[in-house]
Amino acid sequence: MSAPLVSILIPAFRAGRYITETLMSVGGQAYPTWEVLVYEDGVTDDTSARVAAFAATTTQSVRLFQNPTNRGVSYARNALLREARGEFVAFLDADDIWDRDHLATAAEKFSAGADVTFSGVTFIDADGRIIPGAAEPSAAALADIARAMFRYNFVQCTSTLCLRRSWITRVGDFDPALSHGEDLDLWLRLLAAGAKWQYTGRTSCAYRKHPNSAMGQIRLATSRLTAFYEKQLSNPIVPYRERRQALIDNLWSQARFCWRAEPAAARAALRRITQLQPWNLAALGGWGFTAVRSWFVRPRTSSLHRA
């Protein structure tokens with residue numbers, strides 16, 4: 001019998017610098033049966049030419065989809081999920097790299113009954129140089145995956161994970177309303193639905209770490225994560241007190257990062273904390289202080305420009 005087809009889904013946005021190396025790591029896989037689907041989410045560079053060049057080097061199916069307007073990674077992955085033909089899907093970001101045995105090791109776990117597999121990761125920098133260290137889940141995390149993953153997403157990057165495509169039909173795809181935490185949201189839905197997870201025991205994915213983002217981007221990311229934690233308040237597989245506390249912690253971070261640049265956002269975050277914990281005097285006081293502060297520093301209309 002031939003090996004089941006694995007659909008490799010690669011969202012790409014301005015990926016020309018890295019995607020050739022990523023695709024070559026796919027071409028070198030020991031696992032024999034795969035297809036590549038690339039979604040260029042905003043056509044801005046030579047990604048399509050590089051995908052075509054790779055396609056010329058293999059007899060496996062390589063398909064490119066393009067959208068001239070950037071719609072975000074969830075939209076791109078969902079579009080590829082609809083086009084995938086494999087029994088299994090493997091996610092791969094356009095700047096990450098797999099070891100030769102990445103798919104073969106995942107296939108072994110699927111043969112043993114797993115529905116979802118994931119590997120550990122090593123790290124490389126923007127230029128492909130190895131960064132010391134690796135990330136693997138602890139034994140304690142694997143013993144209680146849902147709670148441990150909610151506290152800290154030990155699936156370090158989406159490129160480590162493969163799953164049976166039929167589970168997407170059961171639980172739905174990536175939530176496009178979430179711009180941060182969309183992957184963890186799907187992983188938690190898979191766990192809640194009863195999907196069987198298996199760690200491969202290998203660090204077979206290299207995750208490319210780019211320079212740290214600016215404070216403005218950190219502030220934006222923290223604000224967007226609030227939407228993720230709000231959604232998880234209805235997730236039954238993690239105790240409610242932990243879900244609520246995670247949201248409160250993120251709201252405190254949001255208030256801290258937005259305190260000067262976006263006082264209205266800070267005030268909204270503090271107000272939400274008081275809704276979750278009416279007895280939280282620190283949040284109540286902070287909310288009141290930002291309200292008074294915003295009144296004193298709000299722009300005044302000059303008398304020369306009054307109607």
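Looking only at residues that are out of contact with any Asp or Glu (no Cβ under 9 Å at 6 or more places or on another chain) and crowded, with 23+ Cβ neighbours inside 10 Å in region 37-49, which one is modelled with the highest pLDDT?
Ranking the qualifying residues of region 37-49, first place goes to 38.
Taking into account only those residues within region 4-17 that are open to solvent by less than 30 Å² (accessible area, probe 1.4 Å) and hydrophobic (A, V, I, L, M, F, W, C), which is farthest from the chain's Cα centre (by Cα)?
6
Only one residue in 20, 33 is touching a helix residue (DSSP H, G or I) at 6+ places or on another chain (Cβ under 7 Å), β-branched (Val, Ile, Thr) and open to solvent by 20 Å² or more (accessible area, probe 1.4 Å). Which one?
Result of the check over 20, 33: 20.
Mind listing just one residue for me: the one in region 149-182 that is over 27 Å from residue 104 (Cα atoms) and not hydroxyl-bearing (Ser, Thr, Tyr) and, of those, modelled with the highest pLDDT?
Result: 175.
Residue pairs, Cβ under 9 Å, 6 or more apart or interchain, first in region 139-160 and free of Cβ contacts under 8 Å to residues at least 40 places away in the same chain, second open to solvent by 50 Å² or more (accessible area, probe 1.4 Å) and assigned to a loop (DSSP other than H, G, I, E, B). List them.
141/152; 148/138; 154/136; 154/138
Filter region 51-77 for residues that are crowded, with 21+ Cβ neighbours inside 10 Å and either closer than 23 Å to residue 186 by Cα or touching a Gly at 6+ places or on another chain (Cβ under 6 Å) (or both) and give the result.
The answer is 76, 77.
Among residues belonging to region 103-144 that are within 25 Å of residue 21 (Cα to Cα) and of a type in the set (Asp, Glu), point out the one that is surrounded by the most Cβ atoms within 10 Å (Cβ to Cβ).
Among residues in region 103-144 that are within 25 Å of residue 21 (Cα to Cα) and of a type in the set (Asp, Glu), the one surrounded by the most Cβ atoms within 10 Å (Cβ to Cβ) is 136.
Being in a loop (DSSP other than H, G, I, E, B) and out of contact with any Phe, Trp or Tyr (no Cβ under 6 Å at 6 or more places or on another chain) narrows it down to one of 71, 50, so name that one.
Going through 71, 50 in turn, the sole match is 71.
How many residues does region 172-184 hold that are without any contact (Cβ under 8 Å) to a residue 60 or more places away in the chain and open to solvent by less than 30 Å² (accessible area, probe 1.4 Å)?
Counting residues in region 172-184 that are without any contact (Cβ under 8 Å) to a residue 60 or more places away in the chain and open to solvent by less than 30 Å² (accessible area, probe 1.4 Å) gives 4.
Given the condition buried (at least 22 other Cβ atoms within 10 Å of the Cβ), aliphatic (A, V, I, L, M) and under 16 Å from the mean Cα position of the chain (by Cα), answer yes or no: does some residue in region 93-102 qualify?
Yes, region 93-102 has at least one match.
Residues are listed down the side, and each one gets a yes or a no for (1) farther than 30 Å from residue 29 by Cβ; (2) in a helix (DSSP H, G or I); (3) at pLDDT 85 or above:
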residue	(1), (2), (3)
216	yes, yes, no
225	yes, yes, yes
238	yes, no, yes
241	yes, yes, yes
248	yes, yes, yes
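The values are calculated or read from the model by the stated rules, or taken from the named source; none is laboratory data. From a predicted model like this one, the values you see are computed outputs, not experimental measurements. In this analysis, Cβ positions are derived from the backbone assuming ideal geometry, glycine residues included, and neighbour counts consider all displayed protein chains. Heads up: the accessible areas ignore ligands, DNA and RNA and are worked out on the full protein's heavy atoms, side chains in. Shrake-Rupley method; radii C 1.70, N 1.55, O 1.52, S 1.80 Å.
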